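Novice: Okay, here's the structure, questions in a sec.
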Amino acid sequence: MTTDDTDPEPDSTDDEPTAPRDRSATSTDLDFDTMLGATDSDESQGLFDDLLSSEPIFENKEVLRPSYTPHELPHRTDQINQMATILVSALRGDTPSNILIYGKTGTGKTASAKFVSQELESTSQKYDVPCEVEYINCEVTDTQYRVLAQLANKFIDKNEARIESRIETLETVRDQLASEPDSTASNTDTPADEDDIAADLIAAAEPESESTETDDGSDTAQKATDFESVEAVETEIESLQADLDEMDPVPMTGWPTDRVYSTFFEAVDYHERVVVIMLDEIDKLVEKSGDDTLYNLSRMNSELTNSRISIMGISNDLKFTDFLDPRVKSSLGEEEIVFPPYDATQLRDILQHRADVAFKSEALTTDVIPLCAAFAAQEHGDARRALDLLRTAGELAERSQSDSIEETHVRQAQDKIELDRVVEVVRTLPTQSKIVLFSIILLEKNGVHNINTGEVFNIYKRLCEEIDADVLTQRRVTDLISELDMLGIVNAVVVSKGRYGRTKEMNLSVPIDETEAVLLSDSRLGDIENVQPFVQARFDNN
Ligand code: ADP
Ligand code: MG
């Protein structure tokens, strides 16, 4: 490492692009320099020269990705402290209250919860208290079966690892005892403290059920002497081996739910510990599969013997508890923590923290962070959106071989992200909605504005006939148009036509060519392209 580490851009005044840069402490940078030096002399045709010699924008792009868990979370200190205050009981061997966390997407719920759980686990290791955290994302794991199976298997894995290491220790002890019956004499071949470590491990290896009464310190001495005979150690090994053989992982499907539940139950209760189960996106689980899982989890403590569980639910939907059984609701919501949306100033801080690590210094012009923050503040204070914007702006700047990120890159990034969103929404529309949307596109392409429902329906019918799709009623088509309106794909207004009643008039509110391309990429709609001339003919005749 060179002293230049503290100043990432010592040569920023040096315009010579191929000059070796002092800060090249990392191996990638060294490679760059070697390669740049080599280009002058040999056969390469320079395909990469320009790209390599342009000053890179990113120092570490990873920190802008959603998968990155930041170590610092500005403007979430209160929420993090609240969580910690509740969860600290786990480190004292008590059961923490269940916690419900609410807040819109991108308000830092997941990042804060993961940060707190890392701290909790590392502190529990430091003080050697049995406390574990299990994180489940219920958007992915969205049925009771899957949640319980995933939990069961995680605990089975942990139990197995623990048992295997105990067996290993016991085997060492057994061999020691066997080779040296008066084992208290110190062995010259082993380091002085190994016996002590072994004694500790033996103590830890004792089944908890036998030791719940005594406290850990006095246990240790007592247990070390329990194993004076080889046979005693072997009995213990055999019993652990039997436990190991009994631990059957839960298959991904197929078992009755109560078997999955009892497997999970036994796995958690195998030894003394406090377990915090984090259920992220808990609203998705309840929406998809009801509140049975939460009911079952929340009443477990009354039946567990060795262990205790505490639930931390995280929800994007502020009203999701309305769907819960009152018992579940009161048990789960013992403590509630709200994550409010970030305002533009807070988003600026968050972005600045990340930008310091993510970008080369000088890569950002002054307007970039405030603009990203302002755009994201409009999206209900979504930090994820703010970071996406900043990363995308950086990528666009890099692609255009610009030396720095400018305001225009942020605006392009905003358009790109918006377009990606539209593409995704359109791509996943049901086929009938796609046909309706295609009808609107055809009308717009033929210069029809303020399109009314009747016009859409006529084209829609025609298209359905041509591609052999079911034809829905005009009423249903009107409903589908309302849905497209709600998704922001069209903008429809109801207009009164006097004695002819009322109708909807609409315009497309997304880019027409890109949207058409997405629709045509759907194989079920592929034939529509050949239908266009028929429709075209209709306009030409008018
Ligand atoms: P939520 O779970 O509320 O939808 P996340 O925790 O996933 O939000 O946050 C979205 C993104 O914003 C993540 O990349 C996260 O690291 C980042 N983020 C959110 N809040 C902060 C903060 N206070 N400081 C730094 N980064 C944050
Ligand atoms: Mg989240």
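Novice: With Cβ to Cβ distances under 14 Å as the rule, what net charge do the other residues near Val423 carry (K, R +1; D, E -1)?
Specialist: Overall, the nearby charge balance is -4.
Novice: Rounded to the nearest 0.05, what FRET efficiency is calculated for Asn60 and Asp349 with R0 set to 22 Å and r the Cβ-Cβ distance?
Specialist: That gives a FRET efficiency of 0.70.
Novice: Suppose we look only past 20 Å in the calculated P(r) of region 410-488. What percent of the Cα-Cα pairs does that tail hold?
Specialist: 37
Novice: Could you tally the net charge around Arg524, taking each other residue with its Cβ under 14 Å from the Cβ of Arg524, Lys/Arg +1 and Asp/Glu -1?
Specialist: -4
Novice: Quote the accessible area belonging to Thr143 in square angstrom, nearest 10, computed with a 1.4 Å probe and with ligands, DNA and RNA left uncounted.
Specialist: Per-residue accessible area (Thr143): approximately 30 Å².
Novice: Can you flag which of Lys329/Lys416; Lys114/Lys288; Lys126/Lys360 are past 32 Å Cα-Cα?
Specialist: Over 32 Å apart, Cα to Cα: Lys329/Lys416; Lys126/Lys360.
Novice: For His71, His380, His449, His271, what's the largest-to-smallest order of accessible area, 1.4 Å probe?
Specialist: Correct descending sequence by accessible area is His71, His449, His380, His271.
Novice: For region 373-511, what's the relative contact order in percent, using C-alpha pairs closer than 8 Å and at least 6 residues apart?
Specialist: It comes to 18 percent, rounded to a whole number.
Novice: So what's the net charge close to Ile489: Lys and Arg +1, Asp and Glu -1, counting the other residues with Cβ under 11 Å from its Cβ?
Specialist: 0
The values are calculated or read from the model by the stated rules, or taken from the named source; none is laboratory data. Quick caveat: nothing in here was measured; it's all calculated off a predicted structure. Positions of Cβ are generated from backbone atoms using ideal geometry, with glycine treated the same way; all protein chains shown enter the neighbour counts. When the accessible area is computed, the model is the full protein with side chains, heavy atoms only, and any ligands, DNA or RNA have been set aside. Shrake-Rupley method; radii C 1.70, N 1.55, O 1.52, S 1.80 Å.
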